[in-house]
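Visitor: Attaching a single structure in structure tokens format; questions to follow.
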Amino acid sequence: MKKIIAVATALMLAVLACTGCSSSNESKGGTSAATGELSSQETVAEQAQENEYYIFELSDNVERTAVVFQNRYGIELSGDLYVARDLDESISHPALVIGPPYGGVKEQGPGVYANELAQRGFVVLAFDPSFNGESGGEPRHVSSPDIFTEDFSAGVDYLGTLDYVDRERIGAIGICGSGGFALAAAQVDTRIKAVATASLFDVSASGNGLDTEAWFTTVDAIAQQRWADVDNGTPEYIPTYPETPSEEIPEGLEGIWAEFYSFYGLERGHHPRTLGGFTTTSNLAFYNFQLLGHLNMLTQPVLFMAGENAETRPISEAAYEQVAGSAKNLIIVPGANHVDLYDDVSKIPFDDLTAFFNENL
């Protein structure tokens, strides 16, 4: 726990950079007014526009479909469903729900994972959290420990409505901050049969190392911002990254700040709705509510993946120790930093991830 506190406190602000595009159904296309059929030119043009907002190339062996579903708060969530093109829908299959890094969207890391895992026989749902990306919810860019956790369970709800998904074989994957939400969901939602995290960050641990004076100073500043939001009629939101990708990391950024920028600020992972951070007052909820307070109660198998060179590696190591029982595993990925496990398919241990879910779903 001390490792979690130390690292989380040091990265309290950096996690906001661990971040919000148009998603689209790959099967959508232009329709000829005369015949009602797709023209080749329209199809090519629309596919090019669709793929512009994904940071990876969809495999020819995978079909991606845009879907919508609701969480228990009635917020409509936007997702992409990935399945192998030759999937036999007459039989049931294991399924996975994947959440993005904190503030990210489904067209980034979740899509990278879904694209790979669909080829390995899983039905995979990548989604935008409430208030972000293409999902509903107002005001925009709000963050909530409860609602973001609920979004994972809502994903399970949706997957369970598919005739070709086995309701007893649904797992979850959380990347960066979503790792905390996935684990929190699994602590109480026993329908999630196995959980994996990549570059885990527990957003709710950010204030754990503060003394009374520092705590008051921090929360009071945010509480005062609520007055400003009331007077302005809208919550403050300050983006971290440029609207168009930079060509290089700004001078002066180092460590994990430079890592985040190398993904979100450059062409590698830049996305029109991933400009970094959340509404300022969103932070208060994470100071008040702890996501991982019941890790010792988890009965489902858990796999933690962390980069060898990631500054956040101690968080995965400490969480691994907190999980009770023997159905847990920790993989330290050689040569990888924090953001490498967002999108670097040469480093993400997909063979281990596949074996873990095949064994436990």
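Read the figures in this text as sums done on the coordinates, not as results from a lab. Bear in mind the structure is a predicted one, so any value in this text is a computation, not a measurement. With ideal geometry, Cβ positions are generated from the backbone for all residues, glycine too; neighbour counts draw on all protein chains shown.
Visitor: Is the shape of the range 188-236 best called rounded, prolate or oblate, per the rule: a/c under 1.5 gives rounded, else a/b larger than b/c gives prolate, else oblate, with a ≥ b ≥ c the square roots of the Cα gyration tensor eigenvalues? Kindly include the intermediate steps, with their values, before the conclusion.
Guide: Working: a/c = 3.33, a/b = 1.72, b/c = 1.94.
Oblate, since a/c reaches 1.5 and b/c is not below a/b.
Visitor: Right, next: Taking the alpha-carbon centroid of each part, what is the distance from the range 297-314 to the range 179-222 in angstrom?
Guide: 14
Visitor: Please work out how much length the chain gains when fully extended from residue 146 to residue 324, using 0.36 nm per residue of separation minus the C-alpha to C-alpha distance, in nm with one decimal. Let's see the in-between values first.
Guide: On the way: separation 178, 0.36 × 178 = 64.08 nm, distance 2.33 nm.
Roughly 61.8 nm would be gained on extension.
Visitor: Distance from a point 7 Å along Cα→Cβ of residue 297 to each backbone N in the range 169-207: keep the residues under 12 Å and list them by number.
Guide: 184-190
Visitor: I would also like to ask the following. Quote the relative contact order of the range 210-311 in percent (integer), defining contacts as alpha-carbon pairs under 8 Å separated by 6+ residues.
Guide: About 30 percent, as a whole number.
Visitor: Can you tell me what share of the DSSP beta bridges in the chain is antiparallel? A percent to the nearest 5 is fine. Working shown, then result.
Guide: Working: 14 of 40 bridges.
That works out to approximately 35 percent antiparallel.
Visitor: Would you mind ranking 210, 159, 275 by Cβ crowding within 10 Å, fewest neighbours first?
Guide: Details: 210 17, 159 25, 275 20.
Fewest to most other Cβ atoms nearby, the residues stand as 210, 275, 159.
Visitor: For residue 75, which sequence-distant residues (separation of 5 or more, or a different chain) have an amide H within less than 5 Å of its own amide H, given hydrogens modelled in the peptide plane?
Guide: Under 5 Å from the amide H of residue 75 lies no amide H from a residue far enough along the sequence or on another chain.
Visitor: Along the Cα→Cβ direction, 7 angstrom out, place labels at residue 254 and residue 214. What is the inter-label distance in nm?
Guide: 2.0
Visitor: Looking only at the range 223-338, where both bridge partners belong to it, what percent of the DSSP beta bridges are antiparallel (to the nearest 5)?
Guide: Just about 10 percent of them are antiparallel.
Visitor: Mind checking the alpha-carbon convex hull of the range 258-361 and giving the volume per residue in Å³?
Guide: On the way: hull volume 14.8 nm³, N = 104.
Cα convex hull per residue, to the nearest whole number: 142 Å³.
Visitor: Could you line up 316, 246, 199 from fewest to most neighbouring Cβ atoms inside 10 Å? Walk me through the intermediate numbers first.
Guide: Values: 316 27, 246 15, 199 32.
Starting with the residue having the fewest Cβ neighbours, the order is 246, 316, 199.
Visitor: Next question, about the same structure. Set Lys and Arg Cβ to +1 and Asp and Glu Cβ to -1, take the dipole of the range 100-222 about its Cα centre, and tell me which of 160, 197, 118 lies farthest positive.
Guide: My answer, from the dipole projection, is 118.
Visitor: Using the Cα centre of the chain as origin and beta-carbon charges of +1 (Lys, Arg) and -1 (Asp, Glu), tell me which of 209, 279, 137 is placed farthest towards the positive end of the dipole.
Guide: Going by the Cα projections, it comes out as 209.
Visitor: Continuing with this model, one more query. Could you work out the relative contact order of the range 108-202, using alpha carbon pairs under 8 angstrom and six or more residues apart, expressed as a whole percent?
Guide: Details: 122 pairs, mean separation 19.8, N = 95.
Value for the range 108-202: 21 percent.
Visitor: Indicate the gyration tensor shape class of the range 188-320 (rounded, prolate or oblate), computed on the Cα atoms with a ≥ b ≥ c the square roots of the eigenvalues: a/c under 1.5 is rounded; otherwise a/b larger than b/c is prolate and the rest oblate. Mind dumping the intermediate values first?
Guide: Details: a/c = 1.76, a/b = 1.13, b/c = 1.56.
Oblate, because a/c is 1.5 or more while a/b does not exceed b/c.
Visitor: To continue, here is another question. Note down the nm distance, to one decimal, between modelled labels 7 Å out along Cα→Cβ at residue 243 and at residue 73.
Guide: Result: 2.8 nm between the two label points.
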